[in-house]
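The values are calculated or read from the model by the stated rules, or taken from the named source; none is laboratory data. In this text, all values refer to a predicted model and were calculated from it rather than measured experimentally. Here the Cβ positions follow ideal geometry from the backbone for every residue, glycine too, while neighbour counts run over all protein chains shown.
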Amino acid sequence: MEFRSEDQAWLSQLVLDELGIVVGDGKGSLLQARLLPVIRQFELSGPAELMSLLRAKGRPEVRRAVLDAMTTNETSFFRDPRSFDSLREQVLPQLLEARRDERALTIWVAASSSGQEAYSLAMLLHEVVPDLSAWRVRIVATDISSAMLERTRDGVYSQYEVNRGMPAPLLVQHFERRGAKWAVKEDLRRMVEVREYNLVHPTTTAPRADLVLLRNVLIYFDLPTRHRILDRARTALRPDGFLVVSRTESLLEGRDLFEPAFGGSGGIFSPLRSSRAGRLAS
Ligand SMILES: C[S@@+](CC[C@H](N)C(=O)[O-])C[C@H]1O[C@@H](n2cnc3c(N)ncnc32)[C@H](O)[C@@H]1O
């Protein structure tokens, strides 16, 4: 039940072409671990049958499941709490003041995985906006993985998932029991709009946003791809909006597009007005 080395090379190229994700050499065991469940799911006889289906472009649902399986979906509620502290204390107060007259806010959570990041933001907005019902708030959660988008739409999480990062009072306030699981309450779910969006090969325009979260995803792409993604994020952002990346990312590859905001800590960046965009793109 092993993939031949030429199959591994072919699969790596497929993942690079479709997702922009660099699998790298010597990742046979990764491919094996991710794709054996797909073989089982579709009751195929083994890697050879999977490969011939993929090469013949038969059964699009199998191809889709293969690409889904190659994404890394690690996430949690309030992941990296210091990012959420910066949002609470610096970013949101500034944006709410700037949008005080129009009372509308659009947040794009790009690469939202199973939805914890988008729902964490919705909970944070409940906390920091006293008259939230008077605002038009859209949190647009996008991802490439249809399985993850489905999970975000469902908004149902296991006990293990809610234990990771969620303060108990928020669980009680915003979730209700569904058997052994927890479901997001309707008012929170209504704030989150779920859409497919491929960061590398977009087929639709990105939402015009006041805030873009692009956390823990750039690492999977090579430098020119990262630059193209950052360029699109800048185009999507309103000029006084903010980009949030993971706190460990320096964003050096986007220094012609963004500058650090709020003193440079917290992974928060402002779009540069007079961009020298294109210098790093290739
Ligand atoms: C590690 S998760 C990060 C989730 C969340 N942003 C966080 O910080 O917890 C990376 C997500 O990026 C998504 N992804 C990978 N390649 C993508 C692409 N080309 N376009 C859109 N999303 C992609 C994966 O499906 C996955 O859900």
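Restricted to the stretch 122-156, and to residues there that are surrounded by 22 or more Cβ atoms within 10 Å (Cβ to Cβ) and among the polar types (S, T, N, Q), the residue that is farthest from the ligand (Cβ to nearest atom) is 152. Restricting attention to the stretch 239-254, the residues being modelled with pLDDT of 95 or more, more than 11 Å from the ligand (Cβ to nearest atom) and in contact with a helix residue (DSSP H, G or I) (Cβ under 7 Å, 6 or more places away or on another chain) number 3.
Tell me, which residue of the stretch 93-130 that is acidic (Asp, Glu) and over 24 Å from the mean Cα position of the chain (by Cα) is farthest from residue 212 (Cα to Cα)? Lay out the reasoning, then the answer.
Going through the stretch 93-130, the residues acidic (Asp, Glu) turn out to be 97, 101-102, 117, 127.
Add one more test, that the residue is over 24 Å from the mean Cα position of the chain (by Cα), and what stays is 97, 101-102.
Numbers: 97: 18, 101: 21, 102: 19 Å.
Per the stated criteria, the residue is 101.
Inside the stretch 28-73, can you point out the residues that are among the basic types (Lys, Arg) and over 26 Å from the mean Cα position of the chain (by Cα)? 40, 55, 57, 59 - these are the residues of the stretch 28-73 that are among the basic types (Lys, Arg) and over 26 Å from the mean Cα position of the chain (by Cα). Taking the numbered list (1) closer than 15 Å to residue 69 by Cβ; (2) in contact (Cβ under 8 Å) with a residue 60 or more places away in the chain in turn, residue 36 passes all entries but (2). Residues of the stretch 166-198 that are within 26 Å of residue 19 (Cβ to Cβ), surrounded by fewer than 18 Cβ atoms within 10 Å (Cβ to Cβ) and of a type outside the set (Asp, Glu): 195, 198.
Kindly indicate the residue of the stretch 96-121 that is of a type in the set (A, V, I, L, M, F, W, C) and within 17 Å of residue 173 (Cα to Cα) and also surrounded by the most Cβ atoms within 10 Å (Cβ to Cβ) among those meeting that condition. In this case the residue turns out to be 118.
Residues in the stretch 189-208 that are more than 18 Å from residue 124 (Cα to Cα), part of a loop (DSSP other than H, G, I, E, B) and either in contact with a Leu (Cβ under 6 Å, 6 or more places away or on another chain) or away from the ligand (no atom under 16 Å from the Cβ) (or both): how many?
The total comes to 1.
Restricting the search to strands (runs of 3 or more DSSP E) fully inside the stretch 119-188 and requiring at least 1 residues that are without any contact (Cβ under 8 Å) to a residue 12 or more places away in the chain and charged (D, E, K, R) gives 175-178.
Within the stretch 193-205, residues that are touching a residue at least 24 places away in the same chain (Cβ under 8 Å) have Cβ atoms under 6 Å from residues that are near the ligand (Cβ under 8 Å from one of its atoms) in these pairs: 195/142; 197/142; 198/144; 200/20, counting only partners at least 6 apart in sequence or on another chain. When the stretch 238-274 is filtered for residues that are over 15 Å from residue 215 (Cβ atoms) and touching a Pro at 6+ places or on another chain (Cβ under 9 Å), the ones remaining, listed by number, are 238, 239, 240, 241, 253, 257, 259, 270, 271, 273.
A single member of 87, 30 is away from the ligand (no atom under 11 Å from the Cβ), in the same structural domain as residue 157 (by TED's automatic domain parsing) and part of a helix (DSSP H, G or I), and it is 87.
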